[in-house]
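Read the structure below first, then the notes.
The values are calculated or read from the model by the stated rules, or taken from the named source; none is laboratory data. Because the structure is a prediction, the values reported are computed rather than measured. In this analysis, Cβ positions are derived from the backbone assuming ideal geometry, glycine residues included, and neighbour counts consider all displayed protein chains. Remember, those area values only see protein heavy atoms, side chains included, never the ligands or the DNA or RNA. Shrake-Rupley method; radii C 1.70, N 1.55, O 1.52, S 1.80 Å.
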Amino acid sequence: MTETLTGEIEEFLDYLRMHRYASVHTIAAYRNDLIHARILFSALNLENWRDLNPDQMDRYLVSIGPPLAQSTAQRRMSSLRTFLKHLKRQGTGPAMELPRSAGFRKKKAIPKALSIELLSKLLDAPDLAEVSGIRDRAMMEMIYGAGLRISEAAELTLNALDHEQMAIRVTGKRDKTR
């Protein structure tokens, strides 16, 4: 009974790994979320994802409501939606309309700027008598001044420098270049 449900989940995780190059953490999160969904749907006598119906989906939404954190509920819903979309593309998904986010959207937090005091302390921390200190200070100024993520700065290479334009080409999330 649950072998079919589990098998399609594992095929989807392989797809994420091989074709979408998802990280190990993403795969683990999807696995946990989808196994949670499979357990609930199996208890509701679902034997094939194609047979998923709105009543079962409503029961799932109730199961991921309070006391779960809103961020957890949103992630679980997102995992299930992505999985069901994948099944639909494969021709094995449910005939019903896919569920919406169901009000689980997490509000985006606005980043807080560092205080002048804290910024000064951070910039004064490297020992400028050492080459590594000069490097560290330059990196911190670039990260803060250009609004880079730490990962973006860490992945920079000399090829990212454009001496003519006096600019740095940064590739960030989802391979977006700026």
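When you go through (1) under 30 Å from GLU8 (Cβ atoms); (2) open to solvent by less than 70 Å² (accessible area, probe 1.4 Å); (3) touching a residue at least 12 places away in the same chain (Cβ under 8 Å); (4) not aromatic (Phe, Trp, Tyr) one by one for ALA95, which number turns out not to apply? The number of the failed condition is (2). Among the residues of the range 36-50, those that are within 16 Å of THR92 (Cα to Cα) and not charged (D, E, K, R) comprise LEU46, ASN48, TRP49.
Within the range 51-88, restricting attention to residues that are hydrophobic (A, V, I, L, M, F, W, C) and in contact with a Ser or Thr (Cβ under 8 Å, 6 or more places away or on another chain), the residue that is modelled with the highest pLDDT is MET77.
Within the range 54-75, being assigned to a loop (DSSP other than H, G, I, E, B) and touching a residue at least 12 places away in the same chain (Cβ under 8 Å) holds for one residue alone: ILE64.
Among the residues examined, LYS106 qualifies as in a loop (DSSP other than H, G, I, E, B), under 30 Å from LEU46 (Cα atoms) and either modelled with pLDDT of 85 or more or under 29 Å from the mean Cα position of the chain (by Cα) (or both).
Taken together, SER79, SER23 contain a single residue that is under 26 Å from LYS108 (Cα atoms) and without any contact (Cβ under 8 Å) to a residue 12 or more places away in the chain, which is SER23.
For the range 131-178, the set of residues classified as open to solvent by 100 Å² or more (accessible area, probe 1.4 Å), under 30 Å from ARG20 (Cβ atoms) and outside any loop (DSSP other than H, G, I, E, B) consists of ILE150, LEU158, ASN159, LYS173, ARG174, ASP175, listed by residue number. Answer with yes or no whether GLU47 is open to solvent by 50 Å² or more (accessible area, probe 1.4 Å) and assigned to a loop (DSSP other than H, G, I, E, B). In short, yes. The residue list SER71, SER78, SER23 contains one member that is surrounded by 16 or more Cβ atoms within 10 Å (Cβ to Cβ) and among the polar types (S, T, N, Q), which is SER78.
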